[in-house]
């Protein structure tokens, strides 16, 4: 499907501003059993600096929206844990 209003335009595909700190916080909050395994550099305190982007043209013209960050983190960490546990059963990996 082609959208005529999108012709000649470029769109930034981003859900919005977020930081590694926010991802680590969400992981710790939703998966406390793995919080101690987060790398120190990921779990550093927030610097307060953010890179702001305007994705409203993408939403308005293309009709694309994204899942909230927390939902994405929960689904990603859940998937990674499933793979780790499956591998640990077949390859004797200690987790």
* Asked: For the subset of region 43-63 comprising residues that are exposed (fewer than 12 other Cβ atoms within 10 Å of the Cβ) and in a loop (DSSP other than H, G, I, E, B), which member is modelled with the highest pLDDT?
  -> 63
* **Of the criteria (1) modelled with pLDDT of 85 or more; (2) more than 21 Å from residue 21 (Cα to Cα), which one residue 66 fails** => (2)
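The values are calculated or read from the model by the stated rules, or taken from the named source; none is laboratory data. Source: prediction; values computed, not measured. Cβ sites come from the backbone with ideal geometry, for glycine too, and all protein chains shown count toward neighbours.
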